[in-house]
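Beneath this line is the structure, given in structure tokens, with notes to follow.
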Amino acid sequence: MKSTKLYVSLRVAIFVSMLLLLIPYSMHKITFSTWQVSAYILLAGNFALIALRHYKNPVQGAKFAVFFNSLVAVLLLITAFY
């Protein structure tokens, strides 16, 4: 992912989506478990974006960043659907 503007706008969109999910939750239109699953999925997407950002980075530690962020994304998805 080379475009920094695209990367930043996707991360901001994920953050705004998580905040927007608080509106129906606070109005009791969705349950906490529905909100929690949605938030976990959005957070998994966020960590996947971070992993994609460092995928072809030659800097030392980039492979660890890809591994760690991918692991966190997978764990969040497993937790969301458990």
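The values are calculated or read from the model by the stated rules, or taken from the named source; none is laboratory data. Treat the numbers as computed from the prediction; the structure is a model and nothing was measured. So basically every Cβ, Gly included, is an ideal-geometry build from the backbone, and we count neighbours across all protein chains shown. Heavy atoms of the whole protein, side chains included, go into the accessibility calculation; ligands, DNA and RNA do not. Shrake-Rupley method; radii C 1.70, N 1.55, O 1.52, S 1.80 Å.
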Check: Has the stretch 50-57 got any residue that is hydroxyl-bearing (Ser, Thr, Tyr), part of a helix (DSSP H, G or I) and in contact with a helix residue (DSSP H, G or I) (Cβ under 9 Å, 6 or more places away or on another chain)?
Finding: no
Next item on the list: Go through the stretch 22-41 and count every residue that is within 15 Å of Leu76 (Cβ to Cβ), open to solvent by 40 Å² or more (accessible area, probe 1.4 Å) and aliphatic (A, V, I, L, M).
Entry: 2
Note to self: Considering only residues that are at pLDDT 85 or above and open to solvent by 40 Å² or more (accessible area, probe 1.4 Å), which ones fall in the stretch 64-82?
What the structure shows: Phe64, Phe67, Phe68, Ser70, Leu71, Val74, Leu75, Leu77, Ile78, Thr79
Next item on the list: Within the stretch 50-63, track down each residue that is surrounded by fewer than 17 Cβ atoms within 10 Å (Cβ to Cβ) and under 20 Å from Val8 (Cα atoms).
Entry: Leu52, Tyr55, Lys56, Asn57, Ala62
Notebook entry, point to check: When the residues of the stretch 1-39 are filtered to those that are of a type in the set (Val, Ile, Thr) and in a helix (DSSP H, G or I), which remaining residue is farthest from Phe81 (Cα to Cα)?
Noted result: Thr4
